[in-house]
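Since the structure comes first, as structure tokens, the remarks are kept for the end.
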Amino acid sequence: MFTIITPTFNSEKTIERTLKSVLSQTYKNFEYLIIDGKSTDNTLNIIKSYETKFENKLKVFSEPDSGIYDAMNKGIKKASGELIGIVNSDDFYEPDALENVFKSYDFDSKYQILYGFERITSGGVEKAVVIYNHRFLDEKMITHPTCFVSKNIYEDLGLYDTQFKSSADYEFMLRIFHSDNKVTFTPVYRVISNFELGGMSSTEIGVRETAFLRRNYGIINTKKYLVIVLRSYIHSLFTVKNKF
């Protein structure tokens with residue numbers, strides 16, 4: 001039913017929490033694929049210590065890649081589940097994440113994206129819960145750890161575009177949202193994933209890529225795009241200057 005994918009690279013500080021969150025799922029019909037970018041720390045040893053606990057659900061692949069989106073695409077190509085979820089090595093699922101998604105799944109829908117809420121934590125303390133709505137995708141992306149995507153979407157409408165270094169997940173969501181294909185977006189009114197502050201964060205590259213995408217989809221005009229890019233470059237220059 002489900003394929004869960006975790007891209008990893010030198011994730012020894014956080015991977016165990018992610019592993020435990022997948023292992024503790026109340027819904028058990030899933031396979032778990034870890035796509036490692038040839039880690040040089042203790043990541044693979046930690047993963048190996050959990051192999052027997054997953055009772056043949058866990059498969060680990062370790063080889064060099066060109067970044068997180070390349071790893072995600074590799075995992076998608078290996079997936080056998082109908083619904084694919086991607087949880088980063090510094091994020092973690094709620095115990096009933098799969099169960100709640102399964103309850104909302106429409107078996108008659110060929111193309112479906114299910115998504116839920118995201119809890120933001122710091123030092124293990126809840127700071128906020130982010131509530132997403134696909135109707136506002138033009139203004140606010142839905143983060144991929146909260147999403148479960150029909151494999152048919154990836155097969156027929158494409159994978160993550162690896163030319164984007166920080167915003168390929170947003171490009172993917174906009175591409176699907178604005179496509180002529182009938183894609184069903186189904187909200188799951190539960191917290192699905194958890195994001196710990198201090199993990200993967202926004203970068204100036206991400207700001208520029210997001211602005212580029214919004215201009216391409218007609219969400220903002222060229223003038224606003226250029227203003228955003230200029231501000232981003234100025235911010236980068238001041239950031240570099242302050243390091244010295």
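What follows is calculated from the coordinates using simple rules that are stated; it is not laboratory data. These numbers were taken from a predicted model, which means no experiment stands behind them. Neighbour counts are summed over all protein chains in view; Cβ atoms, including those assigned to glycine, are modelled from backbone coordinates with ideal geometry.
Give the peptides 64-75, 180-191 in descending order of average Cβ contacts within 10 Å, highest first.
So the peptides 64-75, 180-191, ranked by packing, come out 64-75, 180-191.
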At 20 Å minimum axial length over the Cα atoms and a Kyte-Doolittle cut of -1.0, report the qualifying DSSP H helices in the chain, or say none. 222-242
Between their Cα atoms, which of Lys74/Lys103; Lys53/Lys110; Lys13/Lys48; Lys78/Lys110; Lys182/Lys224; Lys13/Lys103 are more than 22 Å away from each other? Lys74/Lys103; Lys53/Lys110; Lys182/Lys224; Lys13/Lys103
Stretched fully, the stretch from Ser49 through Ser109 gains (0.36 nm per residue minus C-alpha distance, one decimal, in nm) 17.8 nm
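For Lys20 and Lys182 in the same chain, what is the full-extension length gain: residue separation times 0.36 nm, less their Cα-Cα distance, in nm?
Details: separation 162, 0.36 × 162 = 58.32 nm, distance 3.57 nm.
Difference between extended and current length: 54.8 nm.
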Fraction of beta bridges assigned by DSSP in the chain that are antiparallel (%, nearest 5): 35 percent
Most positive-pole-ward Cα, Leu114, Asn221, His178, against dipole of the chain from beta carbon charges: Asn221
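Would you work out if the chain is rounded, prolate or oblate? Take a ≥ b ≥ c from the square roots of the eigenvalues of the alpha-carbon gyration tensor; rounded if a/c is under 1.5, else prolate when a/b is larger than b/c, oblate otherwise.
It comes out oblate by the Cα gyration axes.
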Taking the chain as a Gaussian network, Cα atoms linked when under 10 Å apart, which of Phe30, Phe107, Phe148 shows the biggest mean-square fluctuation? Phe107
Using the charge dipole of the chain (Lys, Arg: +1 at Cβ; Asp, Glu: -1 at Cβ; taken about the Cα centre), state which of Leu83, Ala168, Asn152 has its Cα farthest towards the positive end. Ala168
Magnitude of the Cβ-charge dipole (Lys and Arg +1, Asp and Glu -1) of the chain about the Cα centre, nearest 20 debye, reported as 660 debye
According to the square roots a ≥ b ≥ c of the eigenvalues of the Cα gyration tensor, what is the shape class of the stretch 72-188, taking rounded for a/c under 1.5, prolate for a/b larger than b/c otherwise, and oblate for the remainder? rounded
Among 55-63, 33-41, how do they line up from the highest to the lowest mean number of other beta-carbon atoms within 10 Å? 33-41, 55-63
